[in-house]
Amino acid sequence: MDPLRSWREEAVRLGELAVAEPSCHRLLANWANALWITDQPRQALAALRQALLLAPNEPLLYRGLGNALTDLQQFEAADRAFLRSRQLEDSAESAWNHSQLLIGLERYAEGYAMAERRWQMAGLEAWRDPLTSWSGEPEGWQQPLLVWSEQGLGDTIQHLRWLGPLLARRGPKAPPVRLEVEACLVPLLRHGLTGPEPRPEVHAKPAEGPASPWVGRQVSLLSLPLLLDEAPSPKAASWLAAPHWRAPLGQRRVGVLWAAGRKLGQPVTTREYVRRSLDQPALEALLEGLVARDCRPVLLQFGQDRDWAAAWMQQGVEALPVEADFGATADLVAGLDLVITVDTALAHLVGAMRRPGWLLLPFSAAPRWLRERDDSPWYPSLRLFRQREGEGWMPVVAAVLAVLAAEGLPVSTSPLGVRGGEGR
């Protein structure tokens, strides 16, 4: 099944209409959007430029231009497009897209400040009452403070690095911070979160309904980089390290995760799932290549996409239990020699644990992974393997297997079992 089939059909239909009616900029814009959704940014770029000849002062066209240029890794040109869009109409949606690009340009202070505009976006409501939000006022350092998660699980794990600086500035005499996250993260963070004392009190956010009662100041986890004025630092050892985690036993066990989060409710999230997930032939080539190189695959996939490797599981290949939460996943990851994963929450978990990980990225990778680099300032233990434009996943898998053959498995420097204030 192709989750984007209807959008691919729509792109063809709109393209035919645009050829028949080339003077309608709205039709061209709709065609460009369908092309972008189906991961055809270069074709979307052409349609948008044609539309801009007809409507040179339309802000939505410049926002679309910025999105297409971002996917094409032309960050400087995308920056100019988003800026022009916001000059014509400074919408919260354009500001949010622009903020993520600025992170990719490593203009962190600008990006984090602009990201706060997300609360003005239609359909996005703060989990807590904005009137009680902490905005960095000095008196807030010693007051009860609740920090809560938003966005995806990967974003939460990525931004947990800022809890350490927050706790350090509050000092050991301040009341413990209450941390509210998704229920699947609670066991992991209660046992594995490092940093200064007093440690955060970790609680699950209600799955549905309103937030639980809280008296005091509160702040989103994703707002901490702005309030603390800190960029990501590669010097951090890790911010996840539990005493019971044990180093690998030298059995050449390699974890594999091949599909991103299956969120098919919206076109944009469906697009992210499709472009960041391996296809079946690439998965088979990767697993067979690992076995041929005397490695033992450990299947870490969750959800419906586990079925892609059903034949391997029937042969007795080790796999993450279906019911595993992130705590159980971390327990398994800690004992692996290497994890190979697509861009999803597991990549952030492996990086936060500072375990060896090889991250497979689509050509139109998210700006946070920067460009043309095989390393990341967010996670020193990750090595990045990137698609080239117009190519599928097979060349990426071939590159992974070639490095494995030439260099062998990476040597870990992870401080497993270490807890303390140096873990940031």
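The values are calculated or read from the model by the stated rules, or taken from the named source; none is laboratory data. These numbers come from a predicted model, not from an experiment. Reconstructed Cβ throughout: ideal geometry from the backbone, glycine too, with neighbour counts over all protein chains shown. Surface areas here come from the heavy atoms of the whole protein model, side chains and all, with no ligands, DNA or RNA. Shrake-Rupley method; radii C 1.70, N 1.55, O 1.52, S 1.80 Å.
Just checking, does segment 129-151 include any residue being closer than 21 Å to Leu346 by Cα and open to solvent by 50 Å² or more (accessible area, probe 1.4 Å)?
Yes: segment 129-151 contains one or more residues that are closer than 21 Å to Leu346 by Cα and open to solvent by 50 Å² or more (accessible area, probe 1.4 Å).
Could you list, in sequence order, the residues of segment 321-334 that are farther than 12 Å from Leu346 by Cα and open to solvent by less than 10 Å² (accessible area, probe 1.4 Å)?
The answer is Ala334, and nothing else.
Across segment 110-128, which residue is modelled with the highest pLDDT among those that are open to solvent by 70 Å² or more (accessible area, probe 1.4 Å) and at negative phi?
Here the residue is Glu110.
Going residue by residue through segment 347-360, is there one that turns out to be surrounded by fewer than 21 Cβ atoms within 10 Å (Cβ to Cβ) and among the hydrophobic types (A, V, I, L, M, F, W, C)?
No, there is no match, as no residue in segment 347-360 is surrounded by fewer than 21 Cβ atoms within 10 Å (Cβ to Cβ) and among the hydrophobic types (A, V, I, L, M, F, W, C).
Restricted to segment 75-98, and to residues that are of a type in the set (A, V, I, L, M) and either surrounded by 19 or more Cβ atoms within 10 Å (Cβ to Cβ) or in a loop (DSSP other than H, G, I, E, B) (or both), which residue is farthest from the chain's Cα centre (by Cα)?
By that ranking, first place goes to Ala81.
Given the structure, is Arg296 surrounded by fewer than 22 Cβ atoms within 10 Å (Cβ to Cβ) and under 27 Å from Glu389 (Cβ atoms)?
Considered against the rule, which asks whether it is surrounded by fewer than 22 Cβ atoms within 10 Å (Cβ to Cβ) and under 27 Å from Glu389 (Cβ atoms), Arg296 comes out as no.
Run Trp162 past the list (1) within 30 Å of Thr329 (Cα to Cα); (2) modelled with pLDDT of 85 or more; (3) over 22 Å from the mean Cα position of the chain (by Cα); (4) not polar (S, T, N, Q) and report the number of the one that doesn't hold.
The single condition Trp162 does not satisfy is (3).
Condition check ((1) modelled with pLDDT of 95 or more; (2) among the acidic types (Asp, Glu)) across all residues:
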position: Glu323; (1), (2): no, yes
position: Thr341; (1), (2): yes, no
position: Ala347; (1), (2): yes, no
position: Leu359; (1), (2): yes, no
position: Pro367; (1), (2): yes, no
position: Trp378; (1), (2): no, no
position: Leu382; (1), (2): yes, no
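Output the helices (runs of 4 or more DSSP H) that fall wholly within segment 297-371 and possess 1 or more residues being within 19 Å of Leu283 (Cα to Cα), or say none.
Working: elements: 310-314, 326-334, 345-352.
Filter on segment 297-371 gives 310-314, 345-352.
Name the single residue, out of those in segment 203-226 being buried (at least 19 other Cβ atoms within 10 Å of the Cβ) and among the hydrophobic types (A, V, I, L, M, F, W, C), that is farthest from the chain's Cα centre (by Cα).
Step by step, filter segment 203-226, then rank; the result is Val219.
Which pairs turn up if I take residues in segment 99-115 that are among the acidic types (Asp, Glu) and look for partners that are buried (at least 20 other Cβ atoms within 10 Å of the Cβ) with beta carbon separation below 6 Å, at least 6 apart in sequence or on another chain?
If the second residue must be buried (at least 20 other Cβ atoms within 10 Å of the Cβ), the pairs left are Glu110/Leu102.
Assess whether Ser223 counts as being among the hydroxyl-bearing types (Ser, Thr, Tyr) and part of a loop (DSSP other than H, G, I, E, B).
On the way: among the hydroxyl-bearing types (Ser, Thr, Tyr): yes; part of a loop (DSSP other than H, G, I, E, B): no.
No, not satisfied.
When residues of segment 244-263 are filtered for being under 20 Å from the mean Cα position of the chain (by Cα) and either open to solvent by less than 70 Å² (accessible area, probe 1.4 Å) or aromatic (Phe, Trp, Tyr) (or both), how many remain?
7
Looking at segment 61-74, is at least one residue in contact (Cβ under 8 Å) with a residue 40 or more places away in the chain, touching a helix residue (DSSP H, G or I) at 6+ places or on another chain (Cβ under 6 Å), assigned to a loop (DSSP other than H, G, I, E, B) and not basic (Lys, Arg)?
Yes, because at least one residue in segment 61-74 is in contact (Cβ under 8 Å) with a residue 40 or more places away in the chain, touching a helix residue (DSSP H, G or I) at 6+ places or on another chain (Cβ under 6 Å), assigned to a loop (DSSP other than H, G, I, E, B) and not basic (Lys, Arg).
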